[in-house]
Amino acid sequence: MNRGWFSLLAGLLCVAMLLFWRMQADITLLPQPQPAETKTTSAHAPSPESSAPQQSITVAKEVPICQQVLPDHDWHQTPQREAIRRYLYERLQQGDSSEQLLLMLRDQSSPDKGLSKRQAELQYELFDAFSRFEGSLIKHVFQQKAYSAFFNGLKRLPPAEKIDYLRSAPEIELVYLEPSGRLDNFQPKTILLMMALQQQQFDKALHGVRFLSRDYSMLLGEHLNAPQLEQLLQQTDDVQSRHNLFNLADMAVYHFRDDLLPLLARYQILPSRKDGLFSAMDFAFSSTWRQKGWDDNQRWQRQQATIQFLQNLGYPLHGELNTAKNGRSFLQVSALGEARFVSYDEDLINLAKAQQLLPLQSLPAPEPLRTLLQQYQQLDQQQQQIKAACKAEQDAELTAQGLWSESQLLGQLDTLTKQHSPGELPQLLHQQDPALLAFYWQQQDIELLTSYDVPDNEVDFIKAIAAGPSPEQAAALLLALSMRPDWAKHWPTGLAVSQLEHMLTYDGTEHWQVLQQQGFDLGITDTKGRNLYPLAFADSTEAVSLLINAKVPLQQNPLGPDALDLALDASYLQQKLHPALFYILQETERLRPSHLSRLKRLQQYRPALFQQLQTQFKLPDLTAMTPNPMLSLEP
């Protein structure tokens with residue numbers, strides 16, 4: 001359930017689109033269940049001609065239902081999405097507007113139900129088609145091989161010579177297209193401006209150079225100040241131009257640059273407003289942008305100021321306020337680039353209450369788009385049925401093992417959260433089962449998760465540590481530490497962190513040993529008292545051994561699963577006794593109720609393992625115990 005990388009990727013809209021576009025184009029389909037072949041027999045004696053060896057008949061195996069669920073990252077590769085993408089590109093070539101096509105993509109057979117998540121995602125196909133269409137209109141294209149050679153040559157130059165080299169090179173006027181034909185977000189002039197800002201030679205770099213808005217729209221996030229933007233505007237051709245439906249003011253809104261919006265307005269560049277289609281207010285509410293160095297309060301101030309700027313101009317928001325099953329209010333926004341944004345943030349909800357809310361509009365889709373949309377909706381419905389069947393199968397398996405289903409688990413949480421205050425909940429959930437408390441904390445971590453800028457060099461990492469980071473910022477810095485464990489020598493003992501999830505990366509826990517060698521304390525705990533054992537048991541026996549050898553306390557956390565809970569659950573899941581279980585049992589002075597319920601689970605559902613454990617340890621009478629209702633580790 002590692003979510004560290006996701007918190008880093010959320011934020012920059014154009015980069016998100018770029019990553020989406022750059023996914024490989026190969027279409028991969030999940031295997032579908034095939035009917036079993038029928039083997040026929042004959043009562044006749046074999047003829048001489050049939051005396052040759054018979055080929056064996058392979059009976060097709062039915063694909064398990066849960067393996068038929070299409071992963072989120074594969075939806076863009078389906079033939080249905082590919083067909084829609086191809087149609088949109090052809091319509092743009094024939095003169096249809098992107099706005100008109102966006103309205104048609106929202107056409108559906110049941111308008112009262114609203115857009116599904118999958119249909120809302122079709123806007124990304126329009127972005128893809130529109131970018132390739134824009135690319136097809138470019139006359140002076142920087143070819144891939146020449147582009148690579150040009151910038152390889154640039155890298156070999158001393159920093160002081162790079163700006164002059166770029167300014168004078170004829171290649172500066174070329175436009176780079178990706179191999180797919182899409183416009184790249186970083187053009188030669190974008191690189192020129194980035195270098196000029198880094199070397200504080202902005203005036204020199206601009207001398208005699210003309211720009212398009214797409215050359216620097218990506219730099220509005222944090223690089224450009226108002227005087228620099230005005231210099232660029234004075235040297236920009238067609239300041240009103242758009243890139244993927246966004247103009248410069250839209251990008252300023254997305255990046256919460258309320259300080260730049262009055263300047264852009266003087267040049268008649270206003271944030272987009274097309275009621276029923278999209279509005280810059282949608283970007284202001286749904287943006288996840290965080291500028292480097294902002295804390296939560298600074299980010300909120302900038303977002304609030306941007307929203308209020310648009311409110312003063314009467315901009316509507318395409319969204320709605322709803323109430324979840326547990327009684328919590330939430331805001332749902334339909335925005336370009338963030339098709340179904342949902343927030344439980346009370347401050348954001350209060351701003352939305354004072355806001356004009358509009359529904360999305362649509363246009364009837366003509367043929368063949370209507371048929372393509374119907375085929376796509378049929379795939380969506382089929383996948384929903386498959387997911388429901390998969391969930392039912394999983395719930396049945398859990399029930400057969402005496403474990404809570406997902407609905408039972410959420411029901412327990414809903415009941416307790418309604419009846420008790422947040423201060424009372426941790427102890428009550430722990431008494432039900434430590435794994436229930438761990439799940440509750442994990443949901444809190446997800447809701448409070450925000451993206452923080454992670455230093456990519458040692459100097460910035462040291463500065464971030466010296467600045468006294470908040471527990472949330474310090475948790476994000478753990479990700480930088482996981483990628484560069486040699487920086488651990490700068491990590492101060494006792495620095496408060498909100499969670500430890502970033503200590504487990506896609507490469508596992510291999511870096512923990514390096515961290516330890518650099519003086520990092522593997523006994524680190526977060527603000528809730530959680531240590532590294534849950535991550536270690538989820539990763540490998542080697543990681544558990546490393547913590548044990550480092551003398552990390554086995555019962556360090558008074559609330560939530562401890563090492564023995566985790567070892568017993570790991571044994572149950574793996575259907576073999578965890579190598580660390582004997583040592584942990586030996587070191588445990590008193591068995592808690594959660595330990596006894598897990599021993600009961602082994603006795604009832606893994607009797608061979610329980611007998612194996614009984615030969616080594618004298619275990620208490622478990623007659624009155626019931627198996628634990630949930631596990632502290634994922635299957």
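The values are calculated or read from the model by the stated rules, or taken from the named source; none is laboratory data. Please read all numbers here as calculations on a predicted model, not as lab measurements. With ideal geometry, Cβ positions are generated from the backbone for all residues, glycine too; neighbour counts draw on all protein chains shown. Just the protein is used for accessible areas: all its heavy atoms, side chains included, with ligands, DNA and RNA removed. Shrake-Rupley method; radii C 1.70, N 1.55, O 1.52, S 1.80 Å.
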Check: When only Cα pairs under 8 Å and 6 or more residues apart are kept, what is the percent relative contact order across the chain?
Finding: 11
Checklist line | Computed over region 310-359, the ratio Rg/Rh where both radii use C-alpha atoms and Rh is Kirkwood | finding: 0.97
Notebook entry, point to check: Of all the accessible heavy-atom surface of region 389-433, with the other protein chains kept in place and a 1.4 Å probe, what percent is carbon and sulfur?
Noted result: 52
Check: How big, on average over all directions, is the shadow cast by the Cα convex hull of region 443-553, in nm²?
Finding: 6.6
Checklist line | Across Lys292/Lys551; Lys145/Lys292; Lys155/Lys189; Lys292/Lys489; Lys418/Lys528; Lys117/Lys325, pairs whose alpha-carbon gap is larger than 26 Å | finding: Lys292/Lys551; Lys145/Lys292
Note to self: Bin width 10 Å, origin at 0, all Cα-Cα pairs of region 586-635: what percent of pairs per bin?
What the structure shows: 24, 57, 19
Notebook entry, point to check: If you bin every alpha carbon distance in the chain into 10 Å steps from zero, what whole percent lands in each bin?
Noted result: 3, 12, 19, 23, 20, 13, 7, 3, 1, 0
Notebook entry, point to check: Taking Cα centroids, how far is region 540-606 from region 324-350 in Å?
Noted result: 40
Check: Any idea of Val459's accessible area? Nearest 10 Å², probe 1.4 Å.
Finding: 90
Checklist line | Most to least packed among 388-400, 217-229 [average Cβ atoms within 10 Å] | finding: 217-229, 388-400
Check: Accessible surface of Thr525 in the full protein assembly, 1.4 angstrom probe, to the nearest 10 Å²?
Finding: 50
Note to self: Just to be sure I understand the curve: with the Debye formula and one point per C-alpha of region 247-328, what is log10 I(q)/I(0) at q = 0.14, 0.17, 0.18, 0.20 Å⁻¹?
What the structure shows: -0.49, -0.69, -0.75, -0.89
Margin query: With a cut-off of 8 Å between alpha carbons and a minimum separation of six or more residues, what is the relative contact order of region 103-177 in percent?
Written below: 35
Margin query: From the mean inverse distance of alpha carbon pairs (Kirkwood) and the Cα radius of gyration, derive Rg over Rh for region 493-635.
Written below: 0.98
Next item on the list: Could you pull the Rg and Dmax for region 281-325, using just the Cα atoms, both in Å?
Entry: 12.4, 37
Checklist line | Low-density loop positions, trypsin sites (Lys or Arg not before Pro), region 466-568 - DSSP coil, at most 11 other Cβ in 10 Å | finding: Lys551
Next item on the list: Work out, in µm²/s and without decimals, the Stokes-Einstein translational diffusion coefficient of region 264-307 at 25 °C, 0.890 mPa s, Rh from Kirkwood over C-alpha pairs.
Entry: 205
Note to self: Can you tell me the orientation of helix 471-483 relative to the chain, as the angle in degrees between its alpha-carbon axis and the longest Cα principal axis, to the nearest 10?
What the structure shows: 90
Notebook entry, point to check: Listed highest first by mean packing, meaning other Cβ atoms within 10 Å per residue, what order do 253-261, 300-308 come in?
Noted result: 253-261, 300-308
Check: What's the percent breakdown of Cα-Cα distances in region 494-538 across 5 Å bins, shortest bin first?
Finding: 5, 21, 33, 27, 14, 1
Notebook entry, point to check: About its Cα centre, how strong a charge dipole does the chain have in debye, to the nearest 20, once Lys and Arg get +1 and Asp and Glu get -1 at the Cβ?
Noted result: 140
Item checked: Qualifying trypsin sites (Lys or Arg not before Pro) in region 91-192, DSSP loop, other Cβ atoms within 10 Å at most 16 -> Lys139, Arg156
Item checked: Percent antiparallel among DSSP beta bridges (both partners in the chain, rounded to 5) -> 75
Item checked: For region 408-480, alpha-carbon Rg over 2.2 N^0.38 Å -> 1.51
Next item on the list: Any chance you could run the full-extension gain for His420 through Asn350? It's 0.36 nm times the residue separation minus the Cα-Cα distance, nm to one decimal.
Entry: 22.7 nm
Notebook entry, point to check: Given that compact globular proteins tend to follow 2.2 N^0.38 Å, what is the ratio of the alpha-carbon Rg of region 504-562 to that value?
Noted result: 1.05
Notebook entry, point to check: Rg to Rh ratio, region 308-434, alpha-carbon atoms and Kirkwood radius?
Noted result: 1.10
Checklist line | Tyr605 paired with His207, simple spin-label distance in nm, labels 7 Å along Cα-to-beta-carbon | finding: 7.4
Note to self: Tell me the per residue accessible area of the chain using a 1.4 Å probe; a whole number in Å² is fine.
What the structure shows: 50
Item checked: Positive dipole terminus of the chain, leading residue within Leu379, Thr626, Met218 (C-beta point charges) -> Leu379
